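The values are calculated or read from the model by the stated rules, or taken from the named source; none is laboratory data. Predicted, not measured: the structure shown is a model, and the values here were computed from it. Cβ placement follows ideal geometry from the backbone for every residue including glycine, while neighbour counts extend to all protein chains displayed. Each accessible area value is taken on the protein alone, full model and side chains, heavy atoms only, with ligands, DNA and RNA left out. Shrake-Rupley method; radii C 1.70, N 1.55, O 1.52, S 1.80 Å.
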Amino acid sequence: MIKDTIIERRSIKKANDAPISRETINTLLEQAAFAPFHSKVEPWNVYVLHTLEEKERYIEKIIAFNEREQGVTFSEAEIVELKAGYAKKIITPPYLLIVTTNIIGHGKKDFESIGATSAFIQNIQLLGWEAGIGMIWRTNRFIFDDKFATDLGIPNEQKIIGTLHLTTLAEIPEPKPRRPLNDWVKDLADL
């Protein structure tokens with residue numbers, strides 16, 4: 001039942017390298033595309049990273065972003081250390097998905113595009129969970145950097161909404177506590 005999937009789904013931070021088929025990924029994406037959207041065309045785009053070469057290039061662009069942001073040039077030793085740190089999060093998972101949305105510079109339409117793409121991402125997470133695939137939706141600082149996106153080849157009119165790091169379900173964390181309903185639901189008449 002969808003209710004159980006929504007309640008049981010967890011963000012999986014600890015990735016493993018157990019294989020996932022590309023066919024499975026494509027099926028998840030096709031099914032997730034039934035998310036609601038306001039425009040005539042679905043506003044999302046997905047860039048798939050699967051090979052070691054793709055993931056290493058992605059890490060290089062992250063390191064370049066960090067150098068720009070900090071105004072420094074890392075030494076070779078620092079780069080080796082950074083790459084080792086990123087390996088668990090980026091190289092270990094079988095797939096990474098960079099999810100973007102179309103931005104046209106119109107407040108309402110851009111807001112709707114971001115909302116629809118977020119619903120698409122949630123669909124991917126729920127469908128993945130049902131298929132035994134866990135993931136974490138990351139929104140690191142570099143996704144807000146236009147140069148980072150263009151360095152990867154992502155067109156200017158697309159904004160990165162997040163990255164999904166996909167892995168098989170090996171360890172499932174305990175649920176985070178949720179606020180009681182009466183803390184966040186109010187009748188407007190009572191305000």
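For the reader, a short list of remarks on this structure follows.
- One residue stands out in the stretch 1-31 among those that are polar (S, T, N, Q) and under 16 Å from the mean Cα position of the chain (by Cα): the one that is surrounded by the most Cβ atoms within 10 Å (Cβ to Cβ), namely S11.
- Yes/no for L82 being within 17 Å of the chain's Cα centre (by Cα) and surrounded by 15 or more Cβ atoms within 10 Å (Cβ to Cβ): no
- Among residues of the stretch 16-41 that are within 23 Å of I172 (Cα to Cα), those with a beta-carbon under 6 Å from a residue that is open to solvent by less than 100 Å² (accessible area, probe 1.4 Å) and in a helix (DSSP H, G or I) at least six positions away or on a different chain give the pairs L28/I124; L28/L127; L28/G128; A32/F120; A32/N123; A32/I124; A32/L127.
- Residue tally, condition out of contact with any Leu (no Cβ under 6 Å at 6 or more places or on another chain) and part of a strand (DSSP E or B), over the stretch 34-47: 3
- With respect to (1) surrounded by 12 or more Cβ atoms within 10 Å (Cβ to Cβ); (2) without any contact (Cβ under 8 Å) to a residue 12 or more places away in the chain; (3) part of a helix (DSSP H, G or I), the lone exception for E53 is condition (1).
- Selection count where residues are surrounded by 16 or more Cβ atoms within 10 Å (Cβ to Cβ) and of a type outside the set (S, T, Y), scope the stretch 32-49: 9
- Candidate set: the stretch 136-191, residues that are open to solvent by 40 Å² or more (accessible area, probe 1.4 Å) and in a strand (DSSP E or B); chosen: the one nearest to N45 (Cα to Cα): K159
- Y95 meets each of the listed conditions (1) of a type in the set (S, T, Y); (2) farther than 18 Å from F142 by Cα; (3) surrounded by fewer than 19 Cβ atoms within 10 Å (Cβ to Cβ) apart from (3).
- In the stretch 114-128, the residues that are open to solvent by 30 Å² or more (accessible area, probe 1.4 Å) and touching a helix residue (DSSP H, G or I) at 6+ places or on another chain (Cβ under 8 Å): N123, L127
- Matching option when the condition is of a type in the set (G, A, S), more than 23 Å from S39 (Cα to Cα), part of a helix (DSSP H, G or I) and touching a Phe, Trp or Tyr at 6+ places or on another chain (Cβ under 9 Å), among A64, A87, A77: A64
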